[in-house]
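The values are calculated or read from the model by the stated rules, or taken from the named source; none is laboratory data. Given the structure is predicted, the values throughout are model-derived calculations rather than measurements. With ideal geometry, Cβ positions are generated from the backbone for all residues, glycine too; neighbour counts draw on all protein chains shown. We work out accessible area using only protein heavy atoms, side chains counted, and drop any ligands, DNA or RNA first. Shrake-Rupley method; radii C 1.70, N 1.55, O 1.52, S 1.80 Å.
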Amino acid sequence: MTGGNAGGENPSGLFITLEGGDGSGKSTQAALLEQWLTEQGRAVVRTREPGGTPAGVEIREIVLHHRGDISPRAEALLYAADRADHVATVVRPALSRGEVVLQDRYLDSSVAYQGAGRVLGGDEIRDLSLWAAEGLLPDLTILLDLDETTARARLDTSRTRYDRLEAEKAEFHARVRAAYLDLAAAEPERFLVIDAARPAEQIAEEIRARLTPYL
Ligand code: TYD
């Protein structure tokens, strides 16, 4: 099992993922980071899961907006299918070209939402994701951590409708948050944990400081 660069397969590519609960401000930080990386002279591929490929867009529609139930294991497999297609056709090719892949959500989302939120088991879901992604791990994962009350208040002001995951109950989101923090504690060298209640520009500054040695 190798990380994005660790195997030597993508000597100059850099794989950065953004993680966090719904409403934690990932899109804002992704936009600021993309701008900064571009100013540093790096070619950046900004992408997301689910939905970073044409097939992924269709999978995204099912997992987020299907009316009616989807069984938890089927949901986990849909996210894994999206990931497999995305890694094979978008992420690895960009890393091989030496580019920076800046990605909204990756396998830690599956471990947190399906493994903990849906209680399918973190280890099994991680193994499934790693199989789908042929072992690719990010070089750096930025976790935007936000307490549930603040996250929900932010979502309520920005959304007119909730997707299937956002609509889950408070206990679900509490499990997701706890799982993310456990993942970060287990792999401190891969994770940067950020208090996402702070102003966006302060957060961006902290992210840039952590990334500078990678560039
Ligand atoms: P998205 O609209 O991208 O949410 P956000 O703006 O909060 O990132 O929707 C992605 C949703 O899918 C989000 O609720 C988390 C969920 N998700 C999983 O449950 N498992 C996964 O593996 C991924 C990638 C996302």
Restricting the search to the stretch 49-82, which residues are in contact with an Asp or Glu (Cβ under 9 Å, 6 or more places away or on another chain), hydrophobic (A, V, I, L, M, F, W, C) and within 18 Å of LEU130 (Cβ to Cβ)? ALA76
If you go through THR157, THR150, the only one that is surrounded by fewer than 12 Cβ atoms within 10 Å (Cβ to Cβ) and at pLDDT below 90 is THR157
What number of residues in the stretch 82-101 are surrounded by fewer than 24 Cβ atoms within 10 Å (Cβ to Cβ) and farther than 11 Å from GLU49 by Cβ? 9
Among ILE70, ILE125, the single one that is within 15 Å of the chain's Cα centre (by Cα) and not charged (D, E, K, R) is ILE125
Just need a number here: residues in the stretch 31-64 that are over 25 Å from GLU168 (Cα atoms), assigned to a helix (DSSP H, G or I) and in contact (Cβ under 8 Å) with a residue 60 or more places away in the chain. 5
Would you check which residues across the stretch 44-71 are open to solvent by 80 Å² or more (accessible area, probe 1.4 Å) and under 22 Å from GLY13 (Cβ atoms) and list them? ARG46, ARG48
Counting only residues in the stretch 162-215 that are in a loop (DSSP other than H, G, I, E, B) and basic (Lys, Arg), the one surrounded by the fewest Cβ atoms within 10 Å (Cβ to Cβ) is identified as LYS169
Among the residues of the stretch 89-97, is there at least one that is within 12 Å of the ligand (Cβ to nearest atom) and of a type outside the set (Ser, Thr, Tyr)? no
Looking at the stretch 113-147 only, could you name the residues that are open to solvent by less than 50 Å² (accessible area, probe 1.4 Å), within 19 Å of ASP85 (Cβ to Cβ) and without any contact (Cβ under 8 Å) to a residue 60 or more places away in the chain? GLN114, ILE125, LEU128, SER129, ALA132, ALA133
